[in-house]
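Readers should treat all values here as calculations from the given coordinates under stated rules, not as data from a laboratory. Here the structure is a predicted model, which means the values were calculated and not measured. Cβ placement follows ideal geometry from the backbone for every residue including glycine, while neighbour counts extend to all protein chains displayed.
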């Protein structure tokens, strides 16, 4: 086979692939702008554009509140994971104390455990704490992550010890060493852990469905999922798709801006979004 | 609180729904993993060529990975719709018959597996692409001089040298596959006839529809053991194979 023919074959395959990945999203976006009776079917262009599906969503479910809930929960969890995981990562890589390797081993072990094993016990704990239907239930279990600790520990290991020693000599406290020396020196690590934590918290839906039953406390993916399976949508496909589109928009915007970061970070960590 | 000993474990062994959900999850994995690895391998191999706009295609393939599973499931539920769904419209216009994608017990789980592949394959394309780029060019040049064609090179060089990455990809998709929940929850509710009842959905239903917390916790424990066992077998098999 000639080289040129092969090249065209490759481009053909890539274009088919790109079409397969983009067309469904495009179809969804256009379907939300059609009148309800035209939603189904292959055509992309509606006979007339209407925002009725979106109006239905805003009238029937508190989607703005759900958006704010998700934003609040994901932001606090991300900030807290960055602070606590970097402190723990620093401790495990830079301070000498007995039992350090044992503690690190235990943390690694919890990371390898499938989440199914802790799901129900964690829920029972939330009930005992009286945290069902509160922000605490959504935030506290995620405030520190074994994955974050592991990544920070690796990053901090590569910082020269002389730097830390001289900072200590100048009277710098350990916390200041972390936030004013380690953080600026390992910015890409912060971005990696930040993006992955934020995305995982934003997209998680099983845990919120378990611990939140009150409509006004629900996260955005949860609200949209329940809108799709519940009766509030009156089986109107257009409205359900509009809710899904609203859920996708913030992530798509973030993805378009930070595309390179997203791909590299999520791939190096091997985690699903 | 009372101590029930091994009762929960005994109940589990004689619970047909437990075995059904295990079988459903395995059925999902058997379709999902080979499909995902094959497609990801082909796309990664193409993206590894000297082509224009590779960055653009990489970004497009990755798009469904970042978007919430809820969005993807809602979207695909409409694409799979029996009446006027996009897939059936295409089949009809090609002169073929309708497929009951989500209402046939035989097709529903494969349909979910295809959707999950579409959503996640981009992640594995990036992982495999990184693996491909780490194979030295000289190896291929030497093989070309020795007269090996492209297919031979792919089978005898690419696959063996990619083995560690392939292992990672297979283990990650296994672990992710076992966490299948929101897809059947939104798409089928576990039906028809429990044919898409994944293990996670089963645990969820036991705990929150029937309030059997102890039983659900036992299920979670057993499921974790099964995941460990499956991953251990994969590791052993793949490392021996090459």
Next item on the list: Compute from the Cα atoms of chain A the Rg and the Dmax, the latter being the longest Cα-Cα distance, and quote both in angstrom.
Entry: 23.5, 74
Item checked: chain B, relative contact order in percent, only Cα pairs under 8 angstrom and at least six apart counted -> 29
Note to self: Let me test this: with uniform point scatterers at the alpha carbons of region B:54-156, what is the Debye-based log₁₀ I(q)/I(0) at q = 0.10, 0.12, 0.16, 0.23 1/Å?
What the structure shows: -0.49, -0.64, -0.84, -1.16
Margin query: Over the Cα atoms of region B:166-226, each weighted equally, I'd like the Debye log10 I(q)/I(0) at q = 0.22 Å⁻¹, rounded to two decimals.
Written below: -0.91
Notebook entry, point to check: Taking the alpha-carbon set of the protein assembly as shown, what are its Rg and Dmax in Å?
Noted result: 24.5, 80
Item checked: Relative contact order, percent, region A:78-220 [alpha-carbon distance under 8 Å, six or more residues apart] -> 42
Checklist line | Convex hull projection area averaged over all views, region A:89-208, Cα basis, nm² | finding: 9.1
Notebook entry, point to check: For region A:174-273, what size does the Cα cloud have along each of its three principal axes, sorted from largest down, in whole Å?
Noted result: 56, 29, 20
Check: Using the alpha-carbon atoms, what tilt in degrees (0 to 90, nearest 10) does helix A:146-157 show relative to the longest principal axis of chain A?
Finding: 50
Notebook entry, point to check: When you look at the Cβ of every residue in B:75-86, what mean number of other chain Cβ atoms sits within 10 Å?
Noted result: 4
Next item on the list: Mind jotting down the distance between the C-alpha centroids of region A:153-229 and region A:39-72, whole Å?
Entry: 31
Notebook entry, point to check: Which of A:130, A:12, A:105 moves most in a GNM of chain A, Cα contacts under 10 Å?
Noted result: A:12
Next item on the list: Take every residue in peptide A:196-205, count the Cβ atoms of other chains within 10 Å of its Cβ, and give the average of those counts.
Entry: 2
Next item on the list: Go through B:86-96, B:12-22, B:56-66 and give me the packing order, highest mean Cβ count within 10 Å leading.
Entry: B:56-66, B:12-22, B:86-96
Checklist line | Within a Gaussian network of chain A (alpha carbon springs, distance under 10 Å), most fluctuating of A:239, A:64, A:166 | finding: A:166
Check: For chain A, what's the relative contact order in percent, using C-alpha pairs closer than 8 Å and at least 6 residues apart?
Finding: 29
Next item on the list: Would you mind checking the tilt of helix A:3-31 against the longest principal axis of the Cα atoms of chain A, expressed as 0 to 90 degrees and rounded to 10?
Entry: 80
Checklist line | Exercise: per-residue mean of other protein chain Cβ atoms within 10 Å, A:11-23 | finding: 5
Checklist line | Estimated FRET transfer efficiency when R0 is 25 angstrom, pair residue A:154-residue B:168 (beta carbons, to 0.05) | finding: 0.90
Next item on the list: Give the distance, in whole Å, between the Cα centre of region B:205-236 and the Cα centre of region B:58-129.
Entry: 27
Checklist line | GNM flexibility winner over chain A from A:187, A:157, A:48 (Cα, springs under 10 Å) | finding: A:48
Next item on the list: On a 0 to 90° scale, report how tilted helix B:54-66 is relative to the longest principal axis of chain B, with both axes built from alpha carbons and the result rounded to the nearest 10.
Entry: 10
Note to self: If you consider only alpha-carbon coordinates, what radius of gyration and Dmax does region B:7-241 have, in Å?
What the structure shows: 20.6, 67
